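S.K.: Have a look at this one.
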Amino acid sequence: MSDNFFLLTMTFLPFFGALSMVFLPKHARNATVAVSWFVAFMGIFCAFKLYPSVTSGVVRCNIEWLSAYGLNFVFRIDGLAWVFSLLVLMIGALVILYARYYMLPQDSMRRFFAFFLAFMGSMLGIVSSGALIQLVIFWELTSIFSFLLVGYWHYNANARDGASMALTVTGTGGLCLFVGVILLGQIAGSFDLDTVLASGEIIRQHSLYLPMLCFIVIGVLTKSAQFPFSFWLPYAMAAPTPVSAYLHSATMVKAGIFLLIRLWPVLSGTDAWLYLVGGAGLISLLLGAYTAIFQHDLKGFLAYSTISHLGLITLLLGLGSPLAMVAAIFHTLNHATFKASLFMAAGIIDHEAGTRDMRQLSGLFRFMPFTATLAMVAAAAMGGVPLLNGFLSKEMFLSEVIDITFVGWANYALPVLATLASIFAVLYSLRFIHTTFFGPPAFNLPQQPHEPPRWMRFPIEMLVLICLIVGIFPQSTIGPFLYMAVQSVLGIHTPNYSLAIWHGFNPAMMMSFVALLGGSTLYIIFREKINHNVIGPPLIHRVRGGRIYEMTITAATLSARWLKRKLTTRRLQPQMRIIAMATLVVGGITSLSYGWQISDNVSALEPAFALLWLAGGSCAMGAAYLARYHRLSALILAGGAGLACCLTFVLFSAPDLAVTQLLVEIVTTVLLLLGLRWLPTPQQVAVPLQHSFRVFLRRAFDLIMAVAIGTGIAALSYSVMTRPLENSISSFFLEHAYEAAGGHNVVNVLLVDFRGFDTLGEITVLGIVGLTVFALLRRFRPAADSLGKTKQQKNAQHDMVSSKDRPTGNVAKDYMMVPRLVIQWLFPVIIVFTLHLFLRGHDWPGGGFAAGMALAIAFLLQYIAFGVRWLEMRLNIFPLYCVGIGLLLAVLTGIGAVFFGYPFLTSYFRYAELPILGAIPLASAIIFDLGVFVLVLGSTTLILIALAHQSIRKPREAIESAIGVDDAAVSTLTHDKGE
């Protein structure tokens, strides 16, 4: 198998694994863990299969999409991407095993692992993207899936608040990153990563460098929780501990670090880079470490220490030297190992002791000695103790801040501040070890602590073992992988560096010794004050980023409400007037600027056409007049206007549009008729004399705008239809419809081939509309006085009819027998007609959309005759599944072309020799058209059920059977006590 296969498999297998969770039992812990672990293991296998190729160069897979615009799907893996991919997959596999024992029995494991695997795939997409726009898409996917993971326990208010805060901050940063990427692509002349990385001098000297850098840095700082956007990370600790261990050690917060490293060759080396990146990193390093000292919650302490260590990495990248880059990548890998193990140890303590509060925890070494030992080793690595991996990268950091040259006081301030941050790191690490595991045993815990299950502790054992092995044998363990990552970034500028555990008594060693001694001394002196602190970090406890965020959100909400109150109205007409006036102004300015010309290619007006449009216009005006007083009549007249449009298409030789218009007119008329049940009865209100003139002016203004807009649309249509054929794009499609797509029906070929991507977007919108209508109407009931009569009025009118005037026996049934029988007979006929429309669509008028509407009419007829219950008794229709399957078929058609090396949604056709029938043209676009057909049917049926589900006695059962959802889902759809 080729390298491209392993690269694509590694990237997309987690997404398929997430989708496969739908088919597993809801609480099948072992099955979901097995599938998730298989996905992670296969990803690791693919990564190692790529290793020989990555060591000798770059593996690149280019899938064409919009090549003319420089937008293709590019997957690219070099040494840096390979190391990050392995980090994501290996720690992901360990967290999956850990989550098996951590999650509660009542938790939905398939939902958890579906989100988890989707996030894993999004992170792999970031590191393997070879195009900037593609990278931003995966970047935003990580924000979405992290929101779902952080808020997994949605019944917890803290989890919901933390998830929304994380999504707001990182989502806003993602938008800034998108702007920065657009500017970067414009500067470099391409969005391809290889082209961008080769344009460093051009980018740094461009006039747009500074704004572009600011936008990208904002995106990075929000994702990696760096100052001033670091406040969201502690709130995200409300997530399940496996989520925290994964997102905040190896993936989510490391996405920003990865992007800084990836773009370092082209963006670094300027004063703006130093001040923005290095300044944010230095502040985060100090504030995070200082705040972590005073945290009492284990995960809160780990969150602020994470901010500090990420600040260390960001500061190294901001310094701009090659050796600082080496130290940054090295510490990124080390931090992922010891921080993931610490998060999982904190989860075990919470799981077994029932609390994470360090003021309650004490002497846990007696109850869980193995877990305590593992946690102490990981904390020592975090604090920079020798013979552990954290010490090596911390020493490289201290050495680099000494060797870097600044102007003036910065030469002395930076080493001092770096040493101070290291002292803080030793202090909070020592506090965690001593407070949690030593001292008198705690007897007031919510539950008796004990060692966790063997396999729950196994992931921590593996990570701590890595901390030890890398700390003792760095050159032979992490050395080759680190060099591969560094060389892929720096290339020929890769410096000489040493990973030896002993470099003699140099200044960096002395600073490390000062940090160890200073941190231990400060903890001994201030231990009691720290443990009993309740106000938060001294000096800065009043400045809380979360409070500032809440104030900002509140101010934005109040401002939006004020603007809405001042600029909008609950009535539709004023909003439509604004839109219409804006359209007229833009159209008028364009016409005045470029002029207009009346074509001479005009034929005489036929009397039949004039009479048709006179009738259609009369229907339209009548519908507008009667809409306020008699809605049923207005609906009938609106149908007349639609029929006039349909006949117009026939006169202009557009049978495809005529068929579609006729079918849509039938469906919408019935659905609108059902919708009238939901509206209150129009009332004749006497208008006071002083308001009558105002009403007259408003209606006159509406009439003038309607005439102006209608005239403008008519003029536009006239100019298009009378334009010479050689000046339009029609000739291109007429010439290439058959030879490029194998179809004689140019309209259908346009929809499913040339403009297939547009159609995909349109059917997506149609599916969303169906779901939205159902979601809006499922909680409401039709107005009591709909169609002019309440239920009591109808009953009273029924009682007024004398018994002798009422039909006796089965006369009423006899009256309905003929229409019902006819409708029953028509159903198979319409199905055959639907198949006919669908199969002939590529060469003759028809297609998936028309066929879907035709079959929807069959269901509408059955509803008119038998009610929604017919859907349950006669035919099992699952409109929700139809919407999903239809959209899936359309997308898979496009993806299928990609697997054969063609751009997305490229169609293929050939003639097939069939018995009796002979040569039959078969096109792959028919699968896409089938998706359109299924989605149109599902969306239309869903709207029908949403509008008509109250017409039966027990809507709960009807919705359940007709839509195909389970009891738990239906319980959220029906809220009336009577049900």
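S.K.: Given R₀ = 60 Å, what would the calculated FRET efficiency be for MET621 paired with THR195, taking r from the Cβ atoms and rounding to 0.05?
M.R.: FRET efficiency, MET621 to THR195: 0.50.
S.K.: What distance in nm separates the simple spin-label points at ASN156 and THR477, each placed 7 Å from Cα in the Cβ direction?
M.R.: With each label point 7 Å from Cα toward Cβ, the separation is 3.2 nm.
S.K.: ³J(HN,Hα) across segment 670-677 via Karplus (A = 6.51, B = -1.76, C = 1.60, θ = phi - 60°), whole Hz, x for Gly/Pro?
M.R.: 5, 5, 5, 4, 5, x, 4, 4
S.K.: Can you sort VAL832, VAL33, VAL326 by how many other beta carbons sit within 10 Å, fewest first?
M.R.: Neighbour counts put them in this order, fewest first: VAL832, VAL33, VAL326.
S.K.: Compare the peptides 327-334, 554-561 by average per-residue count of other Cβ atoms within 10 angstrom and give them in order, highest first.
M.R.: Ranked from most to least packed, the peptides come out as 327-334, 554-561.
S.K.: Continuing with this model, one more query. Taking 20 Å as the cut-off for C-alpha to C-alpha distance, list the pairs among LYS299/LYS394; LYS394/LYS529; LYS26/LYS223; LYS26/LYS339; LYS339/LYS394; LYS49/LYS339 that go past it.
M.R.: Beyond 20 Å between Cα atoms: LYS299/LYS394; LYS394/LYS529; LYS26/LYS223; LYS26/LYS339; LYS49/LYS339.
S.K.: Same structure again: How much FRET efficiency would the formula 1/(1 + (r/R0)^6) give for ILE831 and PHE5, where r is the Cβ-Cβ distance and R0 is 35 Å, rounded to 0.05?
M.R.: My answer for the efficiency is 0.25.
S.K.: Further question on the same structure: What residues qualify as long-range amide H neighbours of LEU71, i.e. H under 5 Å apart, gap of 5 or more or another chain, H built at 1.01 Å from N?
M.R.: LEU66
S.K.: Residue by residue, what Karplus-based ³J(HN,Hα) values in Hz, rounded to whole numbers, does segment 708-715 have, using 6.51, -1.76 and 1.60 with θ = phi - 60° and x for Gly and Pro?
M.R.: These are the phi-based 3J(HN,Hα) values: 5, 5, x, 5, x, 5, 5, 5 Hz.
S.K.: I need TRP409, TRP139 ordered by Cβ neighbour count within 10 Å, fewest first.
M.R.: TRP409, TRP139
S.K.: Evaluate Rg over Rh across segment 544-588, taking Cα atoms for both radii and Kirkwood's formula for Rh.
M.R.: 1.29
S.K.: Oh, and also: Quick check: convex hull over the Cα atoms of segment 391-503, volume per residue in Å³, rounded to an integer?
M.R.: So the per-residue Cα hull volume is 186 Å³.
S.K.: Quick one: if you stick a label point 7 Å off each Cα along the C-beta vector at SER108 and ASN411, how many nm between them?
M.R.: In this crude spin-label approximation the distance works out to 6.3 nm.
S.K.: How would you rank PHE878, PHE113, going from fewest to most other Cβ atoms within 10 Å of each one's own Cβ?
M.R.: Neighbour counts put them in this order, fewest first: PHE878, PHE113.
S.K.: Please say if the chain is rounded, prolate or oblate, where rounded means a/c under 1.5 for a ≥ b ≥ c the square roots of the C-alpha gyration tensor eigenvalues, and otherwise the choice is prolate for a/b larger than b/c and oblate otherwise?
M.R.: In terms of gyration-tensor shape, prolate.
S.K.: If you don't mind, another one. Take HIS27 and PHE48, extend 7 Å from each Cα along the Cα→Cβ direction, and tell me the distance between the two endpoints in nm.
M.R.: 3.7 nm
S.K.: Just subtract the alpha-carbon distance of ASN444 and ARG910 from 0.36 nm times their residue separation and send over the number in nm, one decimal.
M.R.: Separation in residues times 0.36 nm, less the Cα-Cα distance, equals 160.0 nm.
S.K.: With runs of 4+ DSSP H residues as the only contributors, calculate the mean residue ellipticity of the chain at 222 nm using -39,500 (n - 2.57) per run, divided by the residue total and rounded to the nearest 500.
M.R.: Dividing the helical sum by the residues of the chain leaves -23500 deg cm²/dmol.
S.K.: For the Cα atoms of the chain, what angle does the longest principal axis make with the long axis of helix 29-56, in degrees from 0 to 90, nearest 10?
M.R.: The answer is roughly 70 degrees.
S.K.: Follow-up question, since we're still on this one. Just order 821-829, 286-294, 845-853, 763-771 by mean Cβ neighbour count inside 10 Å, highest at the front, would you?
M.R.: Ranked by mean Cβ neighbours within 10 Å, highest first: 845-853, 286-294, 763-771, 821-829.
S.K.: Same structure, new question: Using the Cα gyration tensor of segment 246-306, with a ≥ b ≥ c the square roots of its eigenvalues, what is the shape: rounded (a/c below 1.5), prolate (a/b larger than b/c) or oblate (neither)?
M.R.: Because a/c hits 1.5 or more and a/b fails to exceed b/c, segment 246-306 counts as oblate.
Bear in mind that the values in this text are calculations on the coordinates, not laboratory data. Here the structure is a predicted model, which is why all the values come from computation and not from measurement. Note that we place each Cβ from the backbone using ideal geometry, even for glycine, and neighbour counts take in every protein chain shown.
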